[in-house]
Amino acid sequence: MISDWRSSIAQAGFADWVTVAGYLISAALSVRAARHAEADSRDSLFWRFTAILLVLFGINELLDLQTLVTSVGRAHAMTNGWYDNRRSVQFAFVVALGVAAVLAGVALIRLTWRSHASVRLALAGLTFIGLFVLLRAASFHHVSAIFDRGVPGLNWGSLQEMVGILMVGVAAELCTRKDRRHST
């Protein structure tokens, strides 16, 4: 069933390790931002959630879990006889993911409306990463062809993902600097 999937840690390239390092550094900065925010505030909760999310994205970067999900889905489709209709199921899955992402985004915007600008910047970075993940999940060949372009070891998809990670890390750092200025 999962013969197509192998953890990609052994095959991880330079861009993969840089991306994982970026996720972990941004997660650490998010933890620090959560500590600087008021203990029971929405900002603190946001930064804690962001740190957890970034660690999970980093784990996924190395384990390639979306390929595992695809392999399990393919095996299920073949076993249950709907493999020939998989495109409509893929489309519905991506639309459902998109709707869930929009609803989550609207909820996050409402929750963070009065938050510091750094939270909104981090939210934009997370949205950037989320769009990248959503497009990768769609795995349409023409989208993958665009993402896979670039210099060897560092493609456009990696760059887009890293920009989102950088936005979150910078936002977390801005949050802690803002708190330092107000406490002196």
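The values are calculated or read from the model by the stated rules, or taken from the named source; none is laboratory data. Predicted model, so just to flag it, every value in this text is computed and none were measured. Please note: Cβ atoms are built from the backbone with ideal geometry, for glycine as well, and neighbour counts cover all protein chains shown.
Determine whether the stretch 73-90 contains at least one residue that is exposed (fewer than 15 other Cβ atoms within 10 Å of the Cβ), within 21 Å of the chain's Cα centre (by Cα) and among the hydrophobic types (A, V, I, L, M, F, W, C). Taking every residue of the stretch 73-90 in turn, none turns out to be exposed (fewer than 15 other Cβ atoms within 10 Å of the Cβ), within 21 Å of the chain's Cα centre (by Cα) and among the hydrophobic types (A, V, I, L, M, F, W, C).
Identify the residue in the stretch 28-72 that is of a type in the set (Gly, Ala, Ser) and in contact (Cβ under 8 Å) with a residue 60 or more places away in the chain and, among all such residues, is surrounded by the most Cβ atoms within 10 Å (Cβ to Cβ). Give the steps one after another, and end with the answer.
Just the residues of the stretch 28-72 that are of a type in the set (Gly, Ala, Ser), to begin with: 28, 30, 33-34, 37, 39, 41, 44, 51, 58, 71.
From what's left, in contact (Cβ under 8 Å) with a residue 60 or more places away in the chain: 30, 33, 37, 71.
On the way: SER30: 27, ALA33: 31, ALA37: 24, SER71: 16.
Here the residue is ALA33.
Within the stretch 166-181, residues that are closer than 14 Å to ALA37 by Cβ reach partners that are at pLDDT 95 or above and among the β-branched types (Val, Ile, Thr) with beta carbons closer than 8 Å, at six or more positions or on different chains, in the pairs ALA172/THR50.
When the stretch 61-109 is examined, which residues are found to be among the small types (Gly, Ala, Ser) and touching a Leu at 6+ places or on another chain (Cβ under 7 Å)?
Of everything in the stretch 61-109, those that are among the small types (Gly, Ala, Ser) and touching a Leu at 6+ places or on another chain (Cβ under 7 Å) turn out to be GLY98, ALA101.
Does PHE57 satisfy the criteria of being within 14 Å of the chain's Cα centre (by Cα) and either at pLDDT 85 or above or over 21 Å from GLY169 (Cβ atoms) (or both)? Quick ask: steps written out before the conclusion?
Working: within 14 Å of the chain's Cα centre (by Cα): yes; either at pLDDT 85 or above or over 21 Å from GLY169 (Cβ atoms) (or both): yes.
Here the answer is yes, as PHE57 does meet what is asked.
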